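Participant: Quick one: the structure is below, questions incoming.
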Amino acid sequence: LMLKPACSAFKNTSNLQEFRIRYDCGSSKLIFELHCKSGITKIYQLNYEQCDVLQAVYSKERCPSKVVLTARPLNECLANFHSSVD
């Protein structure tokens, strides 16, 4: 399940009246249904795929790099990686 599309379903919850989560086994989709107070229904269908966590293998000595960022962009970039990645 891709995390970024799943987070977009929860951007604005102030108008939310009802929330449902379903899993469709036939199409391997996780479905979020958001029912708003205004009567609008938003449906997010996210594909689910079983996969292994991948880790890149490289020599830190042969690939020197330097990155200069402020805290916010750095945190946004690092949020996309597995917590045990160095």
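The values are calculated or read from the model by the stated rules, or taken from the named source; none is laboratory data. Note that the coordinates shown come from a computational prediction; the quantities given were computed from them, not determined experimentally. Here the Cβ positions follow ideal geometry from the backbone for every residue, glycine too, while neighbour counts run over all protein chains shown. Note: accessible area is taken over every heavy atom of the protein model, side chains too, but ligands, DNA and RNA are not part of it. Shrake-Rupley method; radii C 1.70, N 1.55, O 1.52, S 1.80 Å.
Participant: Can you compute the FRET efficiency between K66 and K29 using 1/(1 + (r/R0)^6), with r the Cβ-Cβ distance and R0 = 41 Å? Round to the nearest 0.05.
Facilitator: With a Förster radius of 41 Å, E is 0.45.
Participant: Across the chain, how many lysine pairs separated by 8 or more positions, or lying on different chains, have Cα atoms within less than 17 Å?
Facilitator: Close lysine pairs found across the chain: 5.
Participant: Return a whole-number percent for the relative contact order of segment 16-86, with Cα pairs under 8 Å and 6 or more residues apart as the contact set.
Facilitator: 19
Participant: How do 50-63, 32-45 rank on mean C-beta neighbours within 10 Å, highest first?
Facilitator: In decreasing order of mean packing, 50-63, 32-45 become 32-45, 50-63.
Participant: What's the carbon and sulfur percent of the chain's accessible surface, probe 1.4 angstrom, rounded to a whole number?
Facilitator: That share works out to 54 percent.
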